[in-house]
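Participant: What follows is a single structure, and I will ask about it in a moment.
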Amino acid sequence: MINEEGYRKSLDLLKRASTPYGFVAALQETDNYRRIWSRDGMICGIAGLLSGDIALWPVLESGIQLMFDNQHATGFIPSNVIPGSVKASYGGAVGRADNASWAVIGLLKWSALANTDRLLVKYKDQVRKCFQLFDAWEYNGRGLLYVPQSGDWADEYIHHGYILYDQLLRVWALELAADAYQEPTWRLKAVEIRALIANNFWKHSDHKIYYTSTLARQMADAPDGRWLMGFNPSGIYHQYDLGANALAILLGIGDIEQQSAATACLEGLVTNDDNLLPSFSPVIMHEDVSMLQLKNNYAYTFRNHPHEFHNGGLWPVWNGFAVAALSKGKAMLAANKLTENIHNANAKGGADGAWGFYENIHGLTGLPIGIKECTWSAAGAVIAEQALNGNYII
């Protein structure tokens, strides 16, 4: 283990964030962080499963039931629910395309480890409704989700359209559900989406039939050797999406050459200093045209200044996924270094021996920013440490 103290403190934070309804996103009474979030709660719960600490397992179970019991009639899974109430939010300016995938993933991971089909049976119809909702969100029936701006975890960022992160979560959820429920149509759908991702989110040297005619023209300007963040009818995104690339590696998307290149690209980003990797890079500067899309897209206060929050901020949670991807790719020096950096980041901002576990770290100054005692920052450390021992989140 890279840092036993950091690992122990991470598990302790997850326990302190435990409620009868699931994991709260943070211990602080700031904005809406002391709510049960589908995405945050499932990631924290899966980290708890990986840890083997059975005290955390019922918390995930409660969160799963809270989300599915509050599923919208149309199929939406809540973005968050206020603990102890029936008040559910299904999104802000728009809904979230990743909530349903995370809820299904959490349900199936918990059921497999708990070795019970109790919740599988109870929520089978709700799982089916999630997948039917995904089919509708393709809009053109051709296999890929179309995600609105603010439609996933990076809800104050610029991206919209065919976003890789959301496609990958759908694949993961479909494959887990196909195995658990013995539904071959879900397996076939996952196979279809895998092929679409491999063909359309990677720059190929030879001619390919792309998802849209516009993408065929745009690919000439695409970056090489790693997975694209996404595209829409007007262009591709050039930012490196850390979480999406880690998920693609963990899911084994593409052929051996793509997998090797994506791992090498991720490994090459890890340096000998104490920095984490930004969730999205390069940073959008104030003079960039894309800043126009950022500056008014926020719920409470503007947080996407250069090197902050989604705009180049360093998030321990997605670095935990990156460690898992590096470990799977046998890039152990980089995986060990990045795990050490996660613990160092989580230790910042605390007082009297306490650790801050801030939401993210400033990409230039290294100072902690965002909410304190953020539970999925702790989850990132647990996911990383477990991966070093060959216990991968996927």
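Participant: For the structure I just gave you, tell me whether Val104 is in contact with a helix residue (DSSP H, G or I) (Cβ under 6 Å, 6 or more places away or on another chain), more than 18 Å from Cys44 (Cβ to Cβ) and assigned to a helix (DSSP H, G or I).
Facilitator: In short, no.
Participant: Out of the stretch 12-59, which residues are crowded, with 21+ Cβ neighbours inside 10 Å and under 15 Å from Gly356 (Cα atoms)?
Facilitator: Matches in the stretch 12-59: Leu13, Leu14, Ala17, Ala25, Ala26.
Residues are listed down the side, and each one gets a yes or a no for (1) free of Cβ contacts under 8 Å to residues at least 24 places away in the same chain; (2) in contact with a Pro (Cβ under 8 Å, 6 or more places away or on another chain):
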position: Asn319; (1), (2): no, no
position: Ser327; (1), (2): no, no
position: Ala331; (1), (2): no, no
position: Asn341; (1), (2): no, no
position: Ala354; (1), (2): yes, no
position: Asn360; (1), (2): no, yes
position: Gly363; (1), (2): no, yes
position: Gly366; (1), (2): no, no
position: Glu385; (1), (2): no, no
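Participant: For the stretch 196-237, give me each residue that is in a helix (DSSP H, G or I) and either within 21 Å of the chain's Cα centre (by Cα) or more than 21 Å from Gln259 (Cβ to Cβ) (or both).
Facilitator: Leu196, Ile197, Ala198, Asn200, Ser213, Thr214, Leu215, Ala216, Arg217, Gln218, Ala220, Asp221
Participant: Starting from the stretch 201-212, keep only residues that are touching a residue at least 24 places away in the same chain (Cβ under 8 Å), then list their pairs with residues that are of a type in the set (Gly, Ala, Ser) and surrounded by 10 or more Cβ atoms within 10 Å (Cβ to Cβ) whose Cβ atoms are within a distance under 6 Å, requiring at least 6 positions of separation or different chains.
Facilitator: Listed pairs, sorted by first residue: Lys203/Ala222.
Participant: Condition first: under 22 Å from the mean Cα position of the chain (by Cα) and in contact (Cβ under 8 Å) with a residue 24 or more places away in the chain. Now tell me which residues in the stretch 66-81 satisfy that.
Facilitator: Leu66, Met67, Phe68, Gln71, Gly75, Phe76, Ile77, Pro78, Ser79, Asn80, Val81
Participant: Could you tell me whether any residue of the stretch 249-266 is more than 21 Å from the chain's Cα centre (by Cα), surrounded by fewer than 18 Cβ atoms within 10 Å (Cβ to Cβ) and under 30 Å from Leu367 (Cβ atoms)?
Facilitator: no
Participant: Considering the stretch 161-184 alone, what residues qualify as being outside any helix (DSSP H, G or I) and buried (at least 20 other Cβ atoms within 10 Å of the Cβ)?
Facilitator: Scanning the stretch 161-184 gives Gly161, Tyr162, Ile163.
Participant: Also, I was wondering about something else. Is it the case, given these coordinates, that Gly268 is of a type in the set (Gly, Ala, Ser), under 14 Å from Ser281 (Cβ atoms), in a helix (DSSP H, G or I) and touching a residue at least 60 places away in the same chain (Cβ under 8 Å)?
Facilitator: no
Participant: Looking for something part of a helix (DSSP H, G or I) and within 23 Å of Ala345 (Cα to Cα) - is there at least one such residue anywhere in the stretch 57-73?
Facilitator: Within the stretch 57-73, none of the residues are part of a helix (DSSP H, G or I) and within 23 Å of Ala345 (Cα to Cα).
Participant: Can you go through Gly6, Gly41, Gly91 and tell me which one is under 17 Å from the mean Cα position of the chain (by Cα) and on the phi < 0 side of the Ramachandran plot?
Facilitator: Within the list Gly6, Gly41, Gly91, the selection yields Gly41.
Participant: OK, next. Which of the residues spanning the stretch 60-94 are surrounded by 15 or more Cβ atoms within 10 Å (Cβ to Cβ), among the small types (Gly, Ala, Ser) and under 23 Å from Ala154 (Cα atoms)?
Facilitator: Answer for the stretch 60-94, where residues must be surrounded by 15 or more Cβ atoms within 10 Å (Cβ to Cβ), among the small types (Gly, Ala, Ser) and under 23 Å from Ala154 (Cα atoms): Gly63, Gly75, Ser79, Ala88, Ser89, Gly91.
Participant: Name the pairs: first residue in the stretch 273-299 and surrounded by fewer than 17 Cβ atoms within 10 Å (Cβ to Cβ), second residue modelled with pLDDT of 95 or more and not in a loop (DSSP other than H, G, I, E, B), Cβ to Cβ under 6 Å, at least 6 apart or on different chains?
Facilitator: What qualifies is Asp274/Asn341; Asp274/Asn344.
Participant: How about the stretch 44-56: which of its residues are closer than 14 Å to Leu13 by Cα and either in contact with a Pro (Cβ under 9 Å, 6 or more places away or on another chain) or in a helix (DSSP H, G or I) (or both)? Reasoning before the result, please.
Facilitator: So the first thing to find is which residues in the stretch 44-56 are closer than 14 Å to Leu13 by Cα, and the list is 44-45, 47-48, 51, 53, 55-56.
Result: Cys44, Gly45, Ala47, Gly48, Ser51.
Participant: Any idea which of Arg142, Arg187, Arg226 is in contact with a strand residue (DSSP E or B) (Cβ under 7 Å, 6 or more places away or on another chain) and either among the charged types (D, E, K, R) or crowded, with 23+ Cβ neighbours inside 10 Å (or both)?
Facilitator: From the options Arg142, Arg187, Arg226, the qualifying one is Arg226.
Participant: Report yes if Ala97 is surrounded by fewer than 23 Cβ atoms within 10 Å (Cβ to Cβ) and among the hydrophobic types (A, V, I, L, M, F, W, C), otherwise no. So that I can check it myself, show each step before the final result.
Facilitator: Details: surrounded by fewer than 23 Cβ atoms within 10 Å (Cβ to Cβ): no; among the hydrophobic types (A, V, I, L, M, F, W, C): yes.
No.
Participant: Still on this structure, please answer the following. Any idea which residue in the stretch 341-394 is surrounded by the fewest Cβ atoms within 10 Å (Cβ to Cβ), counting only those that are touching a His at 6+ places or on another chain (Cβ under 9 Å) and part of a loop (DSSP other than H, G, I, E, B)?
Facilitator: Taking the candidates together, the pick is Thr365.
The values are calculated or read from the model by the stated rules, or taken from the named source; none is laboratory data. Small disclaimer: the values here were computed from a predicted structure and weren't measured. Here the Cβ is made from the backbone with ideal geometry for all residues, glycine too, and neighbour counts use every protein chain on show.
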